[in-house]
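Read the structure below first, then the notes.
Nothing in this text is a laboratory measurement; each read-out follows from the coordinates by a stated rule. Not measured: the values here are computed from a predicted model. Here the Cβ positions follow ideal geometry from the backbone for every residue, glycine too, while neighbour counts run over all protein chains shown.
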Ligand code: P1T
């Protein structure tokens with residue numbers, strides 16, 4: 001049984017999501033009244049006397065445009081703190097620097113291939129250890145926790161199979177063993193799911209995706225309600241320099257204004273696309289949390305507002321998948337996701353190619369799998385495109 005959601009920290013409980021997205025960190029500029037945030041390109045800020053300044057010293061440590069974005073991002077997740085990064089992986093790397101050699105991480109076996117690569121090819125060399133688990137099974141998570149486990153790393157829905165994890169239940173188990181929980185909320189977006197309110201300690205985003213929403217900016221974010229974690233994260237970010245440019249922060253602020261509208265439409269379109277694919281004879285299986293056939297539907301209904309814009313489906317084999325991708329006209333064959341235009345890709349050859357075949361197999365990422373990022377086009381056109389490519 002799910003518990004009551006944890007309290008909001010944005011201080012704007014009375015505002016709905018779309019209002020927070022437009023008004024937190026986005027108000028008129030106090031200096032000029034401009035209704036759009038200015039872009040502060042300055043790399044350094046004059047001090048009245050040594051150590052006497054208006055909150056900014058040097059742009060790696062802090063920048064007014066980034067601060068506005070961070071305030072807005074915190075508001076989106078109802079979080080006390082947010083930090084903006086140069087990319088999703090920059091955010092993930094900085095977050096994992098909270099750990100020390102010998103620490104153990106349990107992670108959902110079906111994660112973005114680049115996240116797996118960061119764990120497997122980079123951080124293992126610095127003495128961290130990792131165990132993959134099907135986090136859809138809460139008992140399996142508990143069985144993988146050891147006395148050295150400091151962190152449980154989740155995605156929900158996962159990339160690319162849209163598996164669903166009960167964030168509340170896994171957080172309870174992890175906390176009972178003294179481990180923190182981080183949720184990569186990129187696929188769900190803060191509009192659909194707020195992991196901190198479900199018990200997670202940290203949220204990470206690739207804001208390159210839905211938060212930016214227009215395939216024109218790479219970025220990342222971390223949110224937390226924990227003051228001590230925030231202090232360490234800010235120290236680590238400044239120490240390693242994983243910061244976004246002011247212009248990228250501004251583009252993200254611009255994208256966020258329509259996040260709720262876009263994700264609403266993408267979720268509605270994806271629901272129709274998934275239903276059409278399920279009826280198509282060339283399709284063996286459709287993965288979408290909103291389908292009655294999806295094993296995670298009940299949990300997703302409880303922890304998400306809608307089911308999101310990502311859909312995956314399986315065709316007979318790799319040759320059929322590649323042929324289908326080659327025939328699509330509206331869906332661009334491209335990595336990435338979450339933007340207004342629809343994209344399609346082949347996870348085993350593209351986004352998850354950095355996972356060894358054995359890991360892909362274990363996670364269930366087959367060669368006949370196609371992943372769709374459903375955009376905001378007219379859904380009838382998207383379905384017609386898929387049907388003619390599958391014919
Ligand atoms: O690309 P970057 O902004 O560094 O974000 C990495 C990342 C982190 N988490 C998830 C769930 C992701 O999907 C990604 C990036 N993913 C793709 C590029 C993709 O096509 O799946």
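Could you give the length gained on full extension between residue 100 and residue 117, defined as 0.36 nm per residue of separation minus the Cα-Cα distance, in nm?
Working: separation 17, 0.36 × 17 = 6.12 nm, distance 1.86 nm.
Full extension of this stretch gives 4.3 nm more.
Looking only at the range 152-247, where both bridge partners belong to it, what percent of the DSSP beta bridges are antiparallel (to the nearest 5)?
Around 40 percent of the beta bridges assigned by DSSP in the range 152-247 are antiparallel ones.
Taking only Cα atoms and a 10 Å spring cutoff, compute GNM fluctuations for the chain and point out the largest among 231, 80, 54.
54
So in the chain, what percent of DSSP beta bridges are antiparallel if you round to the nearest 5?
Counting only bridges with both partners in the chain, antiparallel ones make up about 55 percent.
Tell me, how many Å apart are the Cα centres for the range 326-389 and for the range 218-271?
24 Å
Under the rule a/c < 1.5 gives rounded, and otherwise a/b versus b/c splits prolate from oblate, where does the range 17-256 land using the Cα gyration tensor?
Prolate is the answer for the range 17-256, as a/c is 1.5 or above and a/b outweighs b/c.
Testing the spin-label approximation: label points 7 Å from Cα along Cα→Cβ at residue 176 and residue 316. State their distance in nm.
Rounded to a tenth, the inter-label distance reads 4.8 nm.
Enter the angle in degrees (range 0 to 90, nearest 10) between the Cα long axis of helix 227-240 and the first principal axis of the Cα atoms of the chain, meaning the one along which they spread out most.
Approximately 90 degrees, to the nearest ten.
Applying 1/(1 + (r/R0)^6) with R0 = 56 Å to the Cβ-Cβ distance of residue 240 and residue 4, what FRET efficiency is obtained, to the nearest 0.05?
Values: r = 37 Å, r/R0 = 0.67.
Rounded to the nearest 0.05, the efficiency is 0.90.
Given an 8 Å cut-off on Cα distances and at least 6 residues of separation, report the relative contact order of the range 78-195 as a percent.
25 percent
Of 318, 70, how do they rank once you tally other Cβ atoms within 10 Å and put the fewest first?
Ordered by Cβ neighbours within 10 Å, fewest first: 318, 70.
Helix 379-390 against the longest principal axis of the chain: what's the angle in degrees, Cα atoms only, rounded to the nearest 10?
Result, in degrees: 50.
Give me 121, 209, 361 ranked fewest to most by other Cβ atoms within 10 Å of their Cβ, as a rough exposure proxy. Please report the intermediate quantities before stating the final value.
Numbers: 121 10, 209 23, 361 13.
Going from least to most buried by this count: 121, 361, 209.
Sorting 15, 250, 153 on the 10 Å Cβ count, fewest up front, what's the list?
Arranged by neighbour count, lowest to highest, 15, 250, 153 become 15, 250, 153.
Relative contact order for the range 17-256: what percent, with Cα pairs under 8 Å and sequence separation of 6 or more?
Once divided by the residue count of the range 17-256, the mean separation gives 25 percent.
For helix 259-279, report the angle its Cα long axis makes with the longest principal axis of the Cα atoms of the chain; keep it between 0 and 90° and round to the nearest 10°.
10 degrees
Full extension from residue 357 to residue 34: what is 0.36 nm times the residue separation minus their Cα-Cα distance, to one decimal in nm?
On the way: separation 323, 0.36 × 323 = 116.28 nm, distance 5.30 nm.
Contour length minus Cα-Cα distance gives 111.0 nm.
Quick one: if you stick a label point 7 Å off each Cα along the C-beta vector at residue 130 and residue 146, how many nm between them?
Output for this residue pair reads 1.6 nm.
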